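Have a look at the structure below before the remarks.
Values in this text are rule-based calculations from the coordinates and carry no lab data. What you are looking at is a predicted structure, and each value in this text was computed from that prediction instead of being measured. Neighbour counts run over all protein chains shown; Cβ positions are idealised from the backbone, glycine included.
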Amino acid sequence: MATESPPLGMRRVPLAPRTLEAYVPIVGEDVIADIQSAARPLQGARVAHISATERGGGVAEILQSLVPLMRSAGLDAEWHIISGTDAFFTITKGIHNALQGMPLVLSPEMQSTYLAVNRANASSFTNDFDFIVVHDPQPAPLRPMHGVGRGIWIWQSHIDLTMSDPAYWAFMRSFIEAYDAAIFTMAAFVPWDLSIGTVAIIPPAIDPLSQKNVPIPDEQVNRAIGAQGVDPFRPLLVQVSRYDHWKDPLGVIDVFRAVRPAVPGLQLVLLGALALDDPEGLHYYQRTLAHAEGDPDIHVLMNVGGDLEVNAFQRRASAILQKSLREGFGLTVTEGLWKARPVVAGNVGGIPLQIDDGVTGYLVGSVEQAAHRILAVFGDPAAAAEMGRRGREVVRHKFLSTANLRNYLQFFAQLRPTH
Ligand code: UDP
């Protein structure tokens, strides 16, 4: 029987409530009071966040907490996702890659699919919002397609655009310059030729109260790890990431192979989920599996990474790797630091915002450097633990959802000072 595909349109994501007060024990009363006062001029403001997917990847991770916290602060916030066809998400992944520096041919047909899907979504969007925050390239054309109307439109980029293919950046720029404002993770990512009203720098954040980040008892950690066929009592390297060229899972396996002779019993876990907007994931997962060559101590896990599993593996890791070759920010780094683990990560994109090399973790530029730093962690566990503790404090001050919320409130107030 032929199945009819549903019409393309936007959908609101249901969210569990969160309360700001619950964060007092973690960040202190002053931080929460500061947020409440920043939210005062914005009470009742209607906010829509729009992104491509409700699961998988950093943007979904951020919005799950940010939107309920905006509500707790008195704003009327919602999260909407666009819908798209497989062809659309293949094209947007290509655009994403090209914006990070990979070659791409975007044919006129591909452009027209990208625009047609956005047009269908734009026509289903009822705009009765004061602030509309559109995340990343997938839904970027919504603003120019929606025409004039109420609200302040903000485009937020979570990508490192410094190596963008100029042709693709020019293509995206034509949509983005229709917005009133833009948000980037760091100043270095703001393209020199972007002409837009206002720009803010807001780094992403993690939620310390989410299932992924709350403390969990040791027995539960052991059970979650054991259930995946991994020995919770042997040394463990962990990388939690989509299977993707830029996350370098093949390089992670090479690092493991380089250090294994010096660390008896060492195991490696690669934990990756398939994001709905990432059609390349399966292909890259298969390449990673092939590179592991059936080694029983290399666990290439796919779609077993519920929040509890991610939490357990990060918590138990002897060291966390994030061997990215490009990275907008790297929430997995933040998650590892928050669990006070030694983190060894690529010196790219937003990662150096989080890691001060040798102080709160290690920044590396090659398999050899990563292996060298992993050996340092095993060689001096006390120093590594101290480094992890310092990393946790950096996250507490700068990269929790409370800090994220405050940054948005300040930016909204700046954009609409007279409300
Ligand atoms: N993640 C997950 N399960 C997995 C792989 C990743 O929950 O199997 C989560 C990870 O914990 C993090 C997010 O997906 O919260 C990835 O965000 P990041 O900024 O590191 O990378 P992105 O995927 O956005 O490039």
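Remarks
- Computed from backbone phi with θ = phi - 60° and the Karplus coefficients 6.51, -1.76 and 1.60, the 3J(HN,Hα) list for segment 209-217 is 9, 6, 3, 6, 10, 5, x, 10, x Hz; x is used for glycine and proline.
- The packing ranking of peptides 377-387, 9-19, highest mean first, is 377-387, 9-19, where packing means the average number of other beta carbon atoms within 10 angstrom of each residue.
- Share antiparallel - DSSP beta bridges, the chain, percent rounded to 5: 5 percent
- Segment 246-293 versus segment 54-70: alpha-carbon centroid distance in Å: 26 Å
- Global form of segment 307-419, assessed from the alpha-carbon gyration tensor, a/c cut-off 1.5: prolate
- Percent antiparallel among DSSP beta bridges (both partners in segment 1-110, rounded to 5): 25 percent
- Distant-in-sequence amide H partners of Gln156 (H built 1.01 Å from N, under 5 Å): Val134, His135, Asp136, Ile183
- Remark: relative contact order (the chain) = 16 percent; criterion is Cα-Cα distance under 8 angstrom and separation of 6 or more residues.
- What the phi angles of segment 116-126 give under the Karplus curve with 6.51, -1.76 and 1.60, with θ = phi - 60°, is a coupling list of 5, 5, 5, 5, 4, 5, 4, 6, 8, 9, 8 Hz, glycine and proline written as x.
- Sum of -39500 (n - 2.57) over DSSP H runs of 4+, divided by residues of the chain (222 nm, nearest 500): -12500 deg cm²/dmol
- Summing charges over neighbours of Ser210, with a neighbour being any other residue whose Cβ is under 13 Å away from its Cβ, gives -1 when K and R count +1 and D and E count -1.
- For the chain, the longest principal axis of the Cα atoms and the long axis of helix 401-415 meet at an angle of about 20 degrees.
- Built amide H within the under 5 Å cut-off of Val364, gap 5+: Ala345, Gly346, Asn347
- Candidate lysines - alpha carbon under 19 Å from Lys398, same-chain residues fewer than 8 apart omitted: Lys212, Lys339
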